[in-house]
Amino acid sequence: MILMILILSIALLLLLGFIWLLLYLLSMKSFIDREKSSPFECGFDPISSPRIPFSSHFFLIAVIFLVFDVELVVIMPLMLCLTTNNLLEMYLTMIFFLFILIIGLFHEWNNKMLDWM
């Protein structure tokens, strides 16, 4: 009985190893291209000079993303506290917080900070 389990487990390991090797060979790159093998970071070509002026538009979009990402981190715990605290107070806090964010978004929209072109 123990010998049978040992043989089956070794056969299973060999089968899984074969499948792993087959999947590895199938997923290899079929041809090497300079563009595909070069690292891509923020749209800059890593071979050119590092003193290229940085796009402030890209920076502003990244900051807007971070602000709304942090907004989710602030609002999610408020949802969990709804059952334990005063509901009116929690709703007013969330509405006030979202109102400030929406005013900031409209300000960025009016200053054309959200337009890429």
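The set of residues in segment 66-93 being over 25 Å from the mean Cα position of the chain (by Cα) and either closer than 23 Å to S56 by Cβ or not β-branched (V, I, T) (or both) consists of C81, L82, N85, N86, L87, L88, E89, M90, Y91, L92. In the set I47, I52, only one residue is modelled with pLDDT under 75, touching a strand residue (DSSP E or B) at 6+ places or on another chain (Cβ under 9 Å), at negative phi and not in a helix (DSSP H, G or I); that residue is I52. For segment 10-27, the criterion of being surrounded by 10 or more Cβ atoms within 10 Å (Cβ to Cβ) and either touching a His at 6+ places or on another chain (Cβ under 8 Å) or at pLDDT below 85 (or both) is satisfied by no residue at all. Criterion applied to F96, F59 was being part of a helix (DSSP H, G or I) and modelled with pLDDT of 80 or more, and the one residue passing it is F96. How many residues are surrounded by 13 or more Cβ atoms within 10 Å (Cβ to Cβ) and either in a helix (DSSP H, G or I) or more than 23 Å from the chain's Cα centre (by Cα) (or both) if we restrict to segment 99-115? Number of matching residues: 4.
The values are calculated or read from the model by the stated rules, or taken from the named source; none is laboratory data. All of these numbers come straight from a predicted model, not from anything done at the bench. Note that each Cβ is placed from the backbone with ideal geometry, even for glycine, and that neighbours are counted across all protein chains shown.
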